[in-house]
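The values are calculated or read from the model by the stated rules, or taken from the named source; none is laboratory data. From a predicted model like this one, the values you see are computed outputs, not experimental measurements. For neighbour counting, all protein chains shown are included, and Cβ atoms are generated from backbone atoms with ideal geometry for every residue, glycine included.
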Amino acid sequence: MTKVVIIGAGMGGISLIEILHNDPLVQVIGVADIDRDAPGIRLAKKLRIPVAQDFKRLLRSKEVDLVIDVTGNPSVEALLHSALPPGMAIIGGPSAKFMWQLIEERVQSKEKIEQHLLEYQSLYRLYVKEVELTIAEERTRIACDIHDGLIQTLVGLNYHIDYCTDQIEKKTENALTAIKDVKRLLKDGIAEAREVVFNLRPIHLDQSGLCEALSNYVKSYEKQYQIKTVLRTSGNEDKLPSEAKIFVFRIIQEALANVQKHAEASQIKVDVNIEKLSLSASIVDNGIGFNKREVADQPEKQSSFGLNTISERARLLDGKATISSHLGRGTQVSIRIPLPGQIPRS
């Protein structure tokens, strides 16, 4: 179980407390805020979670695995990094803000989700203008990947090692089984770490080009997940805007991740066609498919499948994403983006 301390008890803190409090794999062991009457402090007290005005007091506990800072205060972030004990993980700044915004979407009603997405889209259009958008997005993705994957694997690894130590003199058979589990978890951790490192590479799309980056990614994907993946590209990408390259790469990456997680497919075809006025791409798998109406009625499934992310990224480029799927007959994700000079700048 991952033991978490939350710093900041405003909207972000409340969202995190509400979702993490009911997570069987997470235990919130402290909430800190300089405002004694902050809404998140009141909620923490109601849930019998320890609270403090000085977050340093909570960090003295040797039980803390992860600290999430949602204050958005650079001074707090700097103090936190200087006071952080060795071995303790931290998620802060834009990464933490993005995390609690996503969590908030999941716990709100459909109407609230739609309103929040519109607000998020407006903010996102402003950030698209800046180079920092790419860096912030990379940090967010990496932080979430590490928190949801690698940290959980390492926590499980620690548990199995403790169990092995306990059983090695009591019952050798149990210890040997635990050692096998440790080896498996180590392999999973190495694979997850490699994937996080690889995800840093798309930031250099301007140097390598979209088609080359996709080719390298597809080779790595096919080798890692043992799913036959065929990539076909056509057209000249010289005039393709950098944000279009990044977003198209991310859409294809998200679609391939969905296939690996949900589709049980043995084959994928990826086609990218760059024409004079538009870019089109399709990702087709031969997996089990899904019921679109059922997924559309359940926001948590849309989030799990990344459907909102795919559609939102296409919309930010003034394009459109189409997702078609039938049970037993696979899934097709298609996008069309206008080019060039038609990418919205406001």
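Checked against (1) touching a Phe, Trp or Tyr at 6+ places or on another chain (Cβ under 9 Å); (2) under 23 Å from residue 320 (Cα atoms); (3) at pLDDT below 90, residue 256 meets all criteria but (3).
When 43, 16, 58 are checked against the criterion of being outside any loop (DSSP other than H, G, I, E, B), in the same structural domain as residue 82 (by TED's automatic domain parsing) and under 24 Å from the mean Cα position of the chain (by Cα), a single residue qualifies: 16. Looking across 164, 211, one residue alone is surrounded by 15 or more Cβ atoms within 10 Å (Cβ to Cβ), modelled with pLDDT of 90 or more and either assigned to a helix (DSSP H, G or I) or not assigned by TED's automatic domain parsing to the domain that holds residue 311 (or both). It is 211.
Residues considered: 323, 288. Of these, the only one that is more than 23 Å from residue 241 (Cα to Cα), at pLDDT 90 or above and either over 22 Å from the mean Cα position of the chain (by Cα) or outside the structural domain of residue 235 (by TED's automatic domain parsing) (or both) is 288. The residues of the range 217-259 that are among the β-branched types (Val, Ile, Thr) and under 21 Å from residue 289 (Cβ atoms), listed by number, are 227, 229, 230, 251, 252, 259. The lone criterion from (1) at pLDDT 75 or above; (2) crowded, with 18+ Cβ neighbours inside 10 Å; (3) part of a helix (DSSP H, G or I); (4) among the hydrophobic types (A, V, I, L, M, F, W, C) left unmet by residue 205 is number (1). Scanning the range 254-282 for residues that are out of contact with any Leu (no Cβ under 6 Å at 6 or more places or on another chain), closer than 16 Å to residue 334 by Cα and buried (at least 19 other Cβ atoms within 10 Å of the Cβ) yields 255, 256, 258, 259, 268, 272, 274, 281.
You will find that of 176, 186, 157, the residue that is outside the structural domain of residue 280 (by TED's automatic domain parsing) and at pLDDT below 75 is 157 and no other. Restricting attention to the range 322-341, the residues that are among the small types (Gly, Ala, Ser) and closer than 14 Å to residue 249 by Cα add up to 1.
Taking the conditions (1) over 27 Å from residue 156 (Cα atoms); (2) touching an Asp or Glu at 6+ places or on another chain (Cβ under 7 Å) in turn, residue 79 satisfies each one other than (2).
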